[in-house]
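Presented below is the structure to which this report refers.
None of the figures in this text is laboratory data; all of them are computed from the coordinates on show. Bear in mind the structure is a predicted one, so any value in this text is a computation, not a measurement. Note that we place each Cβ from the backbone using ideal geometry, even for glycine, and neighbour counts take in every protein chain shown.
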Amino acid sequence: MPHHLDTLAIHAGQEPDPTTGAIMTPIYQTSTYVQAAPAEHKGYEYSRTDNPTRTALQECVAAIEGGKFGLAFASGLAAIDTIMRLFSPGDHIIVGDDVYGGTFRLFEKVLARYGLTFSWVDLTDLDAVKAAFTPATRLLWLETPTNPMLRLADIAALAALAPERVLVAVDNTFCSPAIQQPLLLGADIVMHSSTKYLGGHSDVVGGVVALNDPDIYARLKFLQNAIGAVPGPMDCFLTLRGIKTLGVRIERHSSNATAVARMLEDHPAVRQVIYPGLDSHPQYALAQRQMRLPGGMLSVVLDTAEQAHRLVTRTKLFALAESLGGVESLIEHPYSMTHASTADSDIAVPPQLVRLSVGIEHVDDLIDDLRTALAD
Ligand SMILES: *Cc1c(COP(=O)(O)O)cnc(C)c1O
């Protein structure tokens, strides 16, 4: 029987070191490798091209996403940028209209200058997606749940709907494979900001990609080396170490976030709670079908922008910070922080919205912190 994710997270790509028996993957802090004769080496020539600590991470990521191949990058955006170099001027890309602010910035403010064109589409509307395909479309890019509106895209339905020549890529950062494995639902490429749940401890920035197609893998591997946005061995080690506890962390993130969401939904100062684990979520049925657990991210809509500002500055345990997915709880105001670059665009977020990344502290302490911050 193939191993489960919790087992793969700890063992895949991570054999004990053959020379010393070290059970943890060594941090191969080296830039180059001695060759026996010109071009006669042990598979490693130069660490931009390959590094053993990175190889271990790449194999582990491929395994936990149910893919054949993995690639690691210096950041999530470096991973996205490298994927986008598969395309050429004139190519058209369909993107969910509610994506990570940095993805929007990379696409519209950087890559559009190189001749890629983007259509921003509501991915909950399958007819709208169908209508957006043109003969030039090469990629459908999606996030689910989205950030910070937590809208869901039906990965299997979208993958089935995309024409053969269109790649489907899923940014799985908000879920991690402990919740959903897009490759198993028909996606061609899955990517993560491993800065978030995979790393899980807010101590490393990174990005990863997993996929099954050997040709696309060969092109991405070429690009990884040609562009050079690679992570260092220490960062790979930290990410690997984080991944080992992914399964148990996601369970606790999900149970804590569910309890926090229920408390907030009943709170008189809160207008709306958006969380895939609540049956008030407009796509609750899809969440139940697609996600093994509801995850640690939730958004709250208050009555006014002032109240949103007040909440994010009054919590004590929930730290006011960008990012997400770490063991510690974070709170932020997307309108003025993570999503400031989308202001005045079609995908701007409401100023009354607050986003929580619920950590794995004791749930009673988290609830107490939010109740106190919301009190008059
Ligand atoms: C953080 C994030 C990114 C970007 O990743 P970095 O590691 O910050 O470069 C991309 N997508 C999502 C959904 C993210 O949350």
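For the range 35-183, what class follows from the C-alpha gyration tensor (a ≥ b ≥ c being the square roots of its eigenvalues): rounded when a/c is under 1.5, otherwise prolate if a/b is larger than b/c, else oblate? Don't skip to the end; give the middle numbers.
Details: a/c = 2.17, a/b = 1.66, b/c = 1.31.
Prolate is the answer for the range 35-183, as a/c is 1.5 or above and a/b outweighs b/c.
With a ≥ b ≥ c taken as the square roots of the eigenvalues of the C-alpha gyration tensor of the range 247-374, please select rounded if a/c is under 1.5 and otherwise prolate if a/b is larger than b/c or oblate if it is not? The shape class here is rounded.
Assuming charge only on the beta carbon of Lys and Arg (+1) and of Asp and Glu (-1), the dipole of the range 5-243 about its Cα centre is about 460 debye to the nearest 20. Would you work out if the range 317-376 is rounded, prolate or oblate? Take a ≥ b ≥ c from the square roots of the eigenvalues of the alpha-carbon gyration tensor; rounded if a/c is under 1.5, else prolate when a/b is larger than b/c, oblate otherwise. The shape class here is oblate. Give the angle, between 0 and 90 degrees and rounded to the nearest 10, that separates the Cα long axis of helix 246-265 from the longest principal axis of the Cα atoms of the chain. Helix 246-265 and the main axis of the chain meet at about 10 degrees.
Hey, how many Å between the Cα centroid of the range 124-197 and the Cα centroid of the range 23-85? Taking the Cα centre of the range 23-85 as reference, the centre of the range 124-197 is 25 Å away.
Other residues whose C-beta falls under 11 angstrom from the C-beta of Leu8 contribute a net charge of -2, scoring Lys and Arg +1 and Asp and Glu -1. With Cβ to Cβ distances under 15 Å as the rule, what net charge do the other residues near Thr137 carry (K, R +1; D, E -1)? With Lys, Arg at +1 and Asp, Glu at -1, the neighbours total 0. Only lysines eight or more places from Lys68 in sequence, or on another chain, were considered; those with a Cα closer than 25 Å are Lys42, Lys196, Lys221, Lys244. Simple rule: put +1 on each Lys or Arg Cβ and -1 on each Asp or Glu Cβ in the range 5-243, find the dipole, and look at Pro148, Thr82, Ala160; the Cα lying farthest toward the positive end is Thr82.
Could the peptides 250-262, 3-15 be put in order, highest first, of the mean number of other beta-carbon atoms found within 10 Å of their residues?
250-262, 3-15
Could you work out [θ]222 nm for the chain from helices alone, using -39500 (n - 2.57) per DSSP H run of at least four and dividing by all its residues? Round to the nearest 500 deg cm²/dmol.
Numbers: 12 runs with 123 residues, N = 376.
Only helices count here, giving -9500 deg cm²/dmol.
Among beta bridges from DSSP that stay inside the chain, the antiparallel ones total about 55%.
Taking 35 Å as R0, compute the FRET efficiency from the Cβ-Cβ separation of Met337 and Glu15 and round it to 0.05. Don't skip to the answer; put the middle values down first.
Numbers: r = 42 Å, r/R0 = 1.19.
The calculated FRET efficiency here is 0.25.
When the Cα positions of Leu324, Pro282, Val349 are compared along the charge dipole of the range 247-374, Pro282 comes out farthest toward the positive end, with charges on each C-beta of Lys, Arg, Asp and Glu.
Nearest 20 debye, what's the magnitude of the dipole of the range 247-374 about its Cα centre given +1 on Lys and Arg Cβ and -1 on Asp and Glu Cβ?
Taking the Cα centre of the range 247-374 as origin, the dipole is about 220 debye.
From most to least packed by mean Cβ count within 10 Å, the peptides 315-321, 72-78 give 72-78, 315-321. Seen from Gln352, the other residues with C-beta closer than 15 Å to its C-beta sum to a net charge of 0, counting Lys and Arg as +1 and Asp and Glu as -1.
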